[in-house]
């Protein structure tokens, strides 16, 4: 299979979110399989109606205010959830349900994915530094990639929303992993939300709606399992 080996594209950041719709962890290396990044969004916060915590309300998801006040990371295959005050709970300890419920103000449980995926659209989300530069120009100041909760930030020297042109194409990362880019990623109000030191910024979604059909980045499925590392070269078929 022929790839364009002259493109100076590299993996700049890897992010994994053990629990859907809360803050996650930055990694140097991660295995990928058919489901996507190992453990990504494998857990979710579920309310008593059976809906999962999200930044939006749909048939399956329920908007829950304040989810970005929580963070999760893995110890082996168990998520460790950090509360806003810094207290940590293991995902396999029932105390985490009580702690989350008290802080959210209604009963919830932390649950592992079963037969239906917790993903909104697809397994792996991708953005590029090119798109970030374009959006930053439209906003008038730098836009932090954390706003988009992408699994991969790819460093490129191009300009514009270049990953839009990848839809339907295959990309190889490093020496093993191969992805197929499936579609642009639709964005919701979560990109505006306060997280860590990033303030609430309602300009972001409004600008994307005006200039880019409310999309930013793309999602991909896995065609060949492998390991992805920061610094890996990225090749487009």
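The values are calculated or read from the model by the stated rules, or taken from the named source; none is laboratory data. Here the structure is a predicted model, which is why all the values come from computation and not from measurement. Cβ atoms come from the backbone with ideal geometry, glycine included; neighbour counts cover every protein chain shown.
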Can you tell me which of (1) outside the structural domain of residue 229 (by TED's automatic domain parsing); (2) under 13 Å from the mean Cα position of the chain (by Cα) is the one residue 79 doesn't meet?
(2)
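Yes or no: residue 230 in contact with a strand residue (DSSP E or B) (Cβ under 7 Å, 6 or more places away or on another chain) and surrounded by 21 or more Cβ atoms within 10 Å (Cβ to Cβ)?
Criteria not met by residue 230.
Within the bounds of segment 97-112, is there any residue that is closer than 27 Å to residue 156 by Cβ, modelled with pLDDT of 95 or more and surrounded by 14 or more Cβ atoms within 10 Å (Cβ to Cβ)?
No; the residues of segment 97-112 include none that is closer than 27 Å to residue 156 by Cβ, modelled with pLDDT of 95 or more and surrounded by 14 or more Cβ atoms within 10 Å (Cβ to Cβ).
Tell me the residue from 24, 55, 91 that is surrounded by 14 or more Cβ atoms within 10 Å (Cβ to Cβ), assigned by TED's automatic domain parsing to the domain that holds residue 190 and either out of contact with any helix residue (DSSP H, G or I) (no Cβ under 8 Å at 6 or more places or on another chain) or farther than 30 Å from residue 236 by Cβ (or both), please.
From the options 24, 55, 91, the qualifying one is 24.
Sort out for me the strands (runs of 3 or more DSSP E) sitting completely within segment 75-148 that have 1 or more residues that are closer than 23 Å to residue 192 by Cα and in contact with a strand residue (DSSP E or B) (Cβ under 7 Å, 6 or more places away or on another chain). Don't jump to the end; show me each part of the working.
Working: elements: 78-82, 88-90, 108-112, 124-128.
By residue number, 78-82, 124-128.
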Taking the options 165, 192, name whichever one is under 18 Å from the mean Cα position of the chain (by Cα) and over 13 Å from residue 124 (Cα atoms).
192
Could you please let me know if residue 49 is surrounded by fewer than 18 Cβ atoms within 10 Å (Cβ to Cβ) and in contact (Cβ under 8 Å) with a residue 60 or more places away in the chain?
no
Looking at 214, 220, which one is in the same structural domain as residue 147 (by TED's automatic domain parsing), touching a helix residue (DSSP H, G or I) at 6+ places or on another chain (Cβ under 9 Å), within 16 Å of residue 149 (Cβ to Cβ) and surrounded by fewer than 19 Cβ atoms within 10 Å (Cβ to Cβ)?
214
Scan of segment 157-184 for residues that are surrounded by fewer than 20 Cβ atoms within 10 Å (Cβ to Cβ) and assigned to a loop (DSSP other than H, G, I, E, B), ordered by number
157, 158, 159, 160, 167, 168, 169, 174, 175, 176
Mind counting the residues in segment 186-210 that are modelled with pLDDT of 95 or more and in contact with a strand residue (DSSP E or B) (Cβ under 7 Å, 6 or more places away or on another chain)?
1
Search result, residues across segment 190-225 that are assigned to a strand (DSSP E or B) and at negative phi:
195, 198, 215, 216, 218, 219, 220, 221, 222, 223, 224
With respect to residue 132, determine if the residue is within 26 Å of residue 81 (Cβ to Cβ), touching a helix residue (DSSP H, G or I) at 6+ places or on another chain (Cβ under 7 Å) and not assigned by TED's automatic domain parsing to the domain that holds residue 64.
no
